[in-house]
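For reference, the structure is listed below as structure tokens.
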Amino acid sequence: MKRYSRRDFLRLMALSAGSLTFNQLLAACGLEPPASLPMGTPTSFSPTNTAVSGETLPPAATEAPHFSTDLVVARGSDPEEMVRRALAAFGGMQMFVPKGASVVVKPNICVAYNTYEYASTTNPWVVGALVKLALEAGASQVQVFDFPFGGTAQEAYVRSGIEEQVKAAGGKMMPMPDFKFIETEIPGGVDLKTTRAFQDALDADVLIDVPIAKHHSSTRLTLGMKNLMGLVFNRGAIHTKLGQRIADLTALFRPTLTVVDAVRMLMNHGPSGGNLDDVKKMDTIIVSPDIVAADSYATTLFGMQPDDIGYIKAAAEMGLGSSDLKSLKIEEIAVGG
Amino acid sequence: MENMTDVEASPTNRARKRSKRWVTARKIVQYLTLAIFLVLFLMTRRGGWSPALVDLPMRLDPLLMLAHLLASRSFLVASSLALITILLTVVFGRAWCGWICPLGTTLDIFSFHRSRGKRKPISENWRSIKYVLLIAILTAALFGNLSLLALDPLTLLFRSLTVAVLPALNQIVRVTEAALFQIPALSDAVAAFDMWIRPALLPSEPLYFKDIFLFAAIFAVVLALNLLAPRFWCRYLCPLGGLLGLLSRAAFFRREVSEPCKGCTLCTSACPTGTIDPEKNYASDPAECTLCMECLDPCPRSLIRFTPGFSLAEGQEYDPDRRQILTTFGLTVVALALSRTDSLAKREPPFLIRPPGAREVNDDVLGMSKCIRCSECIRACPTNALQPSVFEAGIEGFGAPVLIPRLGYCDFSCNVCGQVCPVQAIPPLSLEEKQQQVIGKAYIDESRCIAWSDHQDCIVCEEMCPVAEKAIQLEEKEVWGKDNTLVTVKLPHVLRELCIGCGICEYKCPLNGESAIRVFVPETSVPF
């Protein structure tokens, strides 16, 4: 038998040690972001403000919206036309999307299980209309993405019907790779101080949040603010103290515009659904630059009050928007026949 | 210049040129089939290519198809594609091994011929191992077990790629991407690269496999054996090689060495399977010759021909004799008897979750009697839920797919495993059928559940449940909290009659370590 020299032995030890540490090394060098990274910037709902990354804005709740109305409720049978008319009531999409802006539209594509009729995912024509309007307003690009909890994103994009409408409207369905979730500080976060947030949503000049209004067993309802959970990496960690933490995420992402899709509402067995008996046709769309206001109004469609929903209450207390429906200027429009 | 033409015109040189061309042709075919195999491997996924296409390699493998026929006692029409390989072998001998087999080509690529030092010659008797393996496989198949098919070259390569090569490659790419993404100048390029490469070539999510080192080690050993002898695996171990070797005895084309051979032994040292025997006038065993054509060119007189003829090749010393055959048969039967008196056979492992419908179509849930261990389902599973079993189901279950909910759940929108299975060991259920297929039943551990034991609302399991009516329901109840106050908490209950056992609740349960909700086997046969 061959005798091993000391050199052989050392070489073997080095090799084994190397192979053992390789993985940790790889993980360590890649996944820990340097502390000096520019943090994402919350987008403000002021139409003149197109935030660029690098500066950190305080919560912008005190800024007065420059519109004659705070919230528009459109009712009708054609989702695309409802979106168009609702935005027209604010003076058009160009009030929110400056020329050349990069826009992110964030629908709710939470599972790959059902088509849109089951109301577990946002209405594809509502999403498509927003993409189209943003491009018409001069957006340089419109990206659409979500991070489903059940099934893969590719499958969910297709089954929800959203991919087809977004592509037809000229937008891009994007994947959400891990490395774009970057540990980010939450300015003004009460319970959640940092989270791994999806960078493209933070970097976008304009973030349009397009939830579908539906039942959820913990928060009771999934609306605009709850929909932002699709933009963070570790959602399991958020599930305790959910109300406050969702409000904290709202402080981080600060969508420019919130469009609640209540064309179909999932009344029970959310968020995944799967039974048409749980779906209620409401033919309504709620649009507001104030996410708290939009969510607050949506609660009334379920026969609830804004304060029934923990995250609405928490967000209003943080000054992220108004949940006082009586003080809001609400414009209701009927679209089509 | 004139000189050159002279040389080229000589008959020997023309023959040598021709023989070089044969070797080149073989290499082209080899690399092409390996490339096809790899592309089909990558396309074995949801949204990939049609199962009819990606299943082709396994269906061309006569060992897999024959063993499956014996074990399942059912004939699949698509299996008859293996007759192509049988026909090829009856005409050309083990050309499959030399020209087509992707593992053979991989072994040629990793030949380590430069690192191969002087070594003791390996006894010719080792060649009988492959026959022993073959007999063991067919015997076990006869008694309804296919676990040894994990040693078929195609399943071995496919599994190694699935369970070791791809996850490691994916990890290296992911970590590199994450590192380069931090550099502002590169982040756009990295994002574009990522979109281009996923999911077309690499999976969108990281892959995790239990016992990954074991599977990597098996592959590494098969490659490393090349250090002892070229194509060590093919010469001594490969059971498919054994089967094709047996058929090759009747092969129509045979290697012949004509007179006047002067015994220079150049062909002997060129032969990668070491079957050219100087003692026997440089004849070779058709059961060992892979028609690689490497011996043609070294022959200074170009005396080697592959000539047609009907006859049976003469036997070799290492051919299995009756005693070896009977011993192997007997030992296999004993091993099966042992495995079936393992305690697992009396009380089924409580967490042995099989892919949808597999429990119903396989006579033996432990051994998954129809499963040829090809790992296509494991490769295709989009949630990384299916894992090759090591000892979960005893020795007979080795290599069969087992669903480990804590690693991945059965996606409600997916039925790909049954679609890609080349032998219907997982039935090809439609999506509607699959969504109703019960693969297990979830039970809550109330002593650990956040809601039950800590009186905090969690509801994740209920939220995740994909069943339309929700197989997990929440009961609002007032309970005494920690500081002696009444709190209202939502307590999850499993409605067992609705639960399909997909395991998403177990996967997503936010509890540390083991989940507080676990999927158990759907039913237990009481052994009395």
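Each peptide in B:228-234, B:338-344 gets a packing score, the mean of other Cβ atoms within 10 Å over its residues, and the list from highest to lowest is B:228-234, B:338-344. Separation of region B:309-342 and region A:298-337, taken as the distance between their Cα centroids, equals 78 angstrom.
Amide H to amide H distances under 5 Å link A:L257 with A:L207, A:D209, where only residues 5 or more positions off or on other chains count and H is placed in the peptide plane. For region B:318-446, the alpha-carbon coordinates run over 53, 36, 22 Å along the three principal axes, in decreasing order. Taking other C-beta atoms within 10 Å as the exposure proxy, B:C377, B:C505, B:C267 rank B:C267, B:C377, B:C505 from fewest upward. Beta bridges from DSSP with both residues in the protein assembly as shown: antiparallel share about 70 percent, rounded to the nearest 5. For a modelled paramagnetic label at B:Y208, 7 Å from Cα along Cα-to-Cβ, the residues of region B:158-177 in reach, with backbone nitrogen under 19 Å, are B:162-176.
For B:I353, the amide hydrogen comes within under 5 Å of the amide hydrogens of B:L403, counting only partners 5 or more places away or on other chains and with H modelled in the peptide plane.
For the segment B:411-417, counting C-beta atoms of other chains within 10 Å of every residue's C-beta and taking the mean gives 5.
Multiplying the sequence separation of B:V77 and B:A337 by 0.36 nm and subtracting their Cα-Cα distance, what value in nm do you get?
Working: separation 260, 0.36 × 260 = 93.60 nm, distance 3.19 nm.
Working it through step by step, the gained length comes to 90.4 nm.
Given just the C-alpha atoms of chain B, how large is their convex hull per residue in cubic angstrom? Walk me through the intermediate numbers first.
On the way: hull volume 111.1 nm³, N = 528.
Dividing the Cα hull volume of chain B by its residue count gives 210 Å³.
Note on A:M304 and A:T69: the extension gain reaches 82.3 nm, defined as 0.36 nm multiplied by sequence separation minus the Cα-Cα distance.
Region B:274-291 and region B:22-97 have Cα centres lying 27 Å from one another. Remark: mean inter-chain Cβ contacts per residue of B:178-186 equal 4, using a 10 Å Cβ-Cβ cutoff to other protein chain atoms.
Remark: for residue pairs A:K132/A:K214; A:K281/B:K434; A:K172/B:K27; A:K172/B:K490; B:K27/B:K370, the C-alpha separation exceeds 32 Å in A:K172/B:K27; A:K172/B:K490; B:K27/B:K370. Rounded to whole Å, give me the distance from the Cα center of region A:116-186 to that of region B:392-465. Computed from Cα coordinates, the inter-centre distance equals 28 Å. Scanning residues 5 or more positions from A:R196 or on other chains, those with amide H under 5 Å from its amide H are A:T184, A:F233, A:N234, with H placed 1.01 Å from N in the peptide plane. Exposure proxy ranking for A:F233, A:F96, based on other Cβ atoms within 10 angstrom of each Cβ and starting from the fewest, stands as A:F233, A:F96. Eigenvalues of the alpha-carbon gyration tensor of region A:168-280, scaled by 5 and square-rooted, set the equivalent ellipsoid semi-axes at 24, 19, 13 angstrom, largest first. With only the Cα atoms considered, region B:243-285 has a convex hull volume of 81 Å³ per residue. Computed from label points 7 Å out along Cα-Cβ, the spacing between B:E475 and B:Y31 is 6.8 nm.
Residue by residue, region A:152-162 carries 3J(HN,Hα) couplings of 8, 4, 4, 5, 5, 4, 6, 5, 5, x, 6 Hz when phi is fed to the Karplus relation 6.51 cos²θ - 1.76 cosθ + 1.60 (θ = phi - 60°); x denotes Gly or Pro. The P(r) of region B:440-528 has a tail past 20 Å containing 36 percent of all C-alpha pairs. For peptide A:146-159, the mean count of partner chain Cβ atoms within 10 Å of a residue's Cβ comes to 4.
Give, in whole angstrom and from largest to smallest, the semi-axes √(5λ) of the equivalent ellipsoid of region A:246-337, with λ running over the eigenvalues of the Cα gyration tensor. Walk me through the numbers before you get to the answer.
Details: eigenvalues 103, 60, 30 Å².
Values for region A:246-337, descending: 23, 17, 12 Å.
Report the calculated FRET efficiency for B:A52 and A:I333 (r = Cβ-Cβ distance, R0 = 60 Å), to the nearest 0.05. Mind dumping the intermediate values first?
Numbers: r = 54 Å, r/R0 = 0.90.
With R0 = 60 Å, the Cβ-Cβ based efficiency is 0.65.
Across region A:59-173, Cα-Cα pairs farther apart than 18 Å form 54% of the total.
If R0 equals 25 Å, the separation of the Cβ atoms of B:T24 and B:S111 corresponds to a calculated FRET efficiency of about 0.90. In whole percents, the pair-distance distribution calculated for region A:65-335 from its alpha-carbon pairs, binned every 10 Å from zero, is 8, 34, 41, 17, 0.
For the pair B:C261 and A:K99, label points projected 7 Å from Cα toward Cβ lie 8.6 nm apart.
Which helices pass in chain B if a helix is a full DSSP H run, must span at least 30 angstrom along its long axis by Cα, and must have mean Kyte-Doolittle hydropathy not below 0.0?
Numbers: long enough: B:11-42 (47 Å, 0.12).
Flagged H segments are B:11-42.
Highest-first packing order for the peptide set A:292-298, B:176-182, B:204-210, B:476-482 is A:292-298, B:176-182, B:204-210, B:476-482, based on the mean count of other beta carbon atoms within 10 Å.
Counted over the protein assembly as shown with a bin width of 10 Å, the fraction of Cα pairs per bin, in whole percents, is 2, 11, 19, 19, 17, 12, 9, 6, 3, 1, 0. Full extension of the segment from B:H455 to B:I197, taken as 0.36 nm per residue of separation minus the current Cα-Cα distance, would add 88.3 nm.
For the protein assembly as shown, the mean residue ellipticity at 222 nm estimated from helices alone is -10500 deg cm²/dmol, where every DSSP H run of n ≥ 4 contributes -39500 (n - 2.57) and the total is divided by all residues, rounded to the nearest 500.
Quick note: the coordinates plus some simple rules give every number you see, no bench work behind them. Remember, predicted model here, so these are calculated numbers, not experimental data. As a convention, Cβ positions derive from the backbone with ideal geometry for all residues, glycine included, and neighbour counts pool all protein chains shown.
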